[in-house]
1. Inside the stretch 317-333, can you point out the residues that are open to solvent by 40 Å² or more (accessible area, probe 1.4 Å) and either among the charged types (D, E, K, R) or part of a strand (DSSP E or B) (or both)?
2. Against the condition closer than 24 Å to F438 by Cα and either buried (at least 22 other Cβ atoms within 10 Å of the Cβ) or not small (G, A, S) (or both), how does L523 come out, does it pass?
3. What are the pairs, 6+ residues apart or on separate chains, where a residue within the stretch 419-435 that is more than 25 Å from P446 (Cβ to Cβ) has its Cβ under 7 Å from a residue that is of a type in the set (D, E, K, R) and modelled with pLDDT under 90?
4. Among the listed residues Y336, Y360, which satisfies the condition of being over 30 Å from L130 (Cβ atoms), of a type in the set (F, W, Y) and either over 24 Å from the mean Cα position of the chain (by Cα) or open to solvent by 80 Å² or more (accessible area, probe 1.4 Å) (or both)?
5. For the stretch 560-588, which residues satisfy the criterion of being over 57 Å from the mean Cα position of the chain (by Cα) and open to solvent by less than 10 Å² (accessible area, probe 1.4 Å)?
6. Go through the stretch 59-69 and give me each residue that's within 14 Å of N91 (Cα to Cα) and either open to solvent by 10 Å² or more (accessible area, probe 1.4 Å) or outside any helix (DSSP H, G or I) (or both).
7. In this structure, does E379 turn out to be among the acidic types (D, E), free of Cβ contacts under 8 Å to residues at least 24 places away in the same chain, assigned to a helix (DSSP H, G or I) and under 17 Å from I409 (Cα atoms)?
8. Which of the following residues is at pLDDT below 70 and over 29 Å from A214 (Cα atoms): R118, R38?
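The values are calculated or read from the model by the stated rules, or taken from the named source; none is laboratory data. A quick note: this is a predicted structure, and the numbers were derived from the prediction, not measured. Using ideal geometry, Cβ is built from the backbone for each residue, glycine included, and neighbour counts are taken over all protein chains shown. Only protein heavy atoms, including side chains, enter the accessible area calculation; ligands, DNA and RNA are left aside. Shrake-Rupley method; radii C 1.70, N 1.55, O 1.52, S 1.80 Å.
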Amino acid sequence: MLAAAISASTTAVLLLPIGVGVPAAHGLAALSLLERARTAAGRVRLRLALFAGSVAAGGLNHLAVSQLASFQGELAGDRHLGLQLLAVTANALCLVVAIAGVVVAVADGGTTLVGLRRVLDGWMIAGSLLTLGWVLLLHRADQSVDAFGSLQDLARVVTDILVFGLLVAMRYSLKRPERTATTVGVLALVALSASDMMRILMPAPGTWYGIPCAAACSITGLLLIAVAPWLAGGTSVVDVDQRIMPVVGVVAAFVPVAICVLALAAHTMVGSRTNVVPLVLAGSLLIALGIRQGIIHADHLHITREATTREALYRALVDGTRDVITIVSLEGRVRYVSPAAHHVFGYRPEDLLGARLPLYCHPDDLTPLMQAVETLRQEAASGIRGPGRRVSCRVRHANGRWRHVESTISHHTEGMIFSSRDVTDRVNRQEALEHLAFHDTLTGLPNRALFTDRVAHALRKRITHAAPPAVLFMDLDGFKAVNDSAGHAVGDALLIHAARRLQASVRAEDTVARLGGDEFAALLEGEAGTHPSRAKDVAERILSALTQPYQIAGNEALVSASIGMTLALPGVTPDELLRQADEAMYEAKRAGKGRIRMHSPQPHQTGYSPSPEASQTATPLQSSDEPAAHDLGRGPRTAGTRNP
């Protein structure tokens, strides 16, 4: 960009007269700033408008000075005085409006101390360069050069230097992506300052291979000003509170003082006369440096107090929370553990420092934990700060028990931070609720919903030539009489004993459920359901167990059971399978109770040839004049019973 600006300015000075090219560049820069201000809003619009006014005033100053130089000695007194007044007024406007634009830009940009420090930074940069410019002016005055022209040149240098100093201070108050426009503005002021310095050092226009150097520098700087507002950060609001100053910022504050001292020393060594102005400037720089260092020290003390207060607040929050806060390095070593670790896991925090991940994690939960940790490591290596990861795992307590823990793993300046919460009670409550939803509260056996789901699962996993599952449907005969005569407590105890006998009569992989009242069911899988005879063997074992006398509270209770059986054939649904077993159980009751009946499938539907035992099955329908034995056995409970 700088090369393009230099090329364009060189072309302009070659094609245009010196008195036209520089004012034209001023006009172009002013129009660009005004156009950018039209698309901005608020303080940014005012800032760009002030910069445009400053550039326009600078162009007017150049026109007036060029007229004075062109017609020197030929103008009437009033006209000559008017041009001088116009040049001085335009230069003053350029200075005042430019500084006002920079002040508007940095307004509301941090605390009062930060704002004062920025002003002092700007003055120190500007004061050192002003001292250098004044020394050059004295050197030119010693050569008996026109005093008014020298003052005009120095005034333009003052404008450039002051704005330059403020822009430099503002640039380091911005975030890095927003510095482009300000950096280009600083380069533009460097070019403009170089142009004005050339006019001071070279009374006659200096040329290089026919190119007027001062005019080329002026046009280059003005073209950069025209481009700057359209770059990144050109319309940014300076609102960054940069209170922590890097070491280079502290050291750089002594550079302006060193420049001022070197300029005065060089001026004295060549034997030139010295007046009070550079001495006052040098003294003001020393005072500004002292005030600036005092402001930095005061601000650092304030920051330290704020940090101490904030640290105490955070420590109180961390120490007071029941969540365990753990900071782990990217290598997996524990750097910090909050005091809650002792209450939650039984370990002292100091005993965990230096330990490596995974820390007391259950072996089955290692994979998701380490995957989340590895993801955060990769993000940190690539400079990405992605969202935190949530992981659930079990952690071994100091007493040897496993605790359920939910952890949120996030990025931290030292690696990763774990925020872990003990959710064991919640998990236990959830498991208890799930158990209540799918289990009988009296016997602890699966209920009808869970049993139906198990049957559906057995049917889904069945493949061709695999053993079909069998379902047994059981109803206790004579239970209502025991319940009514001995009381509900004895009835409940009898149901519990019956449930235990059922569980003992089947294998561990089979499912026994209480469907309601005195009705039970069993799902037989594998070898038990391969053939009706094997399923019947299990049914006979269950029937024998259920008909044994029950010793309850010193009394003996006797009941029997009616059992219906069915085998799962291809195409059957869970509801159909349960209905078939229920119908077979009704047939057992009609046949005299205490019996086993198997549902007989229709040969034309399944192609299944029933066994001789199954061929004894009677019609499943019950006539209306028969005694309702099934209804008596599982009728509604009386008031106060604990049975469902």
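1. Let us first name the residues in the stretch 317-333 that are open to solvent by 40 Å² or more (accessible area, probe 1.4 Å), namely 317, 319-322, 330-331, 333.
Result: D319, R322, E331, R333.
2. Details: closer than 24 Å to F438 by Cα: yes; either buried (at least 22 other Cβ atoms within 10 Å of the Cβ) or not small (G, A, S) (or both): yes.
The answer is yes for L523.
3. That search, which allows pairs on different chains as well, returns S419/D323; S420/D323; R421/D323.
4. Details: Y336 fails: either over 24 Å from the mean Cα position of the chain (by Cα) or open to solvent by 80 Å² or more (accessible area, probe 1.4 Å) (or both).
None of the other options fit; the residue is Y360.
5. Initially, the stretch 560-588 is screened for residues over 57 Å from the mean Cα position of the chain (by Cα), giving 560-566, 580-588.
The answer is A561, S562, I563, G564, M565, T566, A581, A584, M585, E587, A588.
6. Taking the stretch 59-69 as the starting set, the residues that turn out to be within 14 Å of N91 (Cα to Cα) are 59-66.
L60, H62, L63, V65, S66, listed by residue number.
7. For E379, the condition - among the acidic types (D, E), free of Cβ contacts under 8 Å to residues at least 24 places away in the same chain, assigned to a helix (DSSP H, G or I) and under 17 Å from I409 (Cα atoms) - is not met.
8. R118
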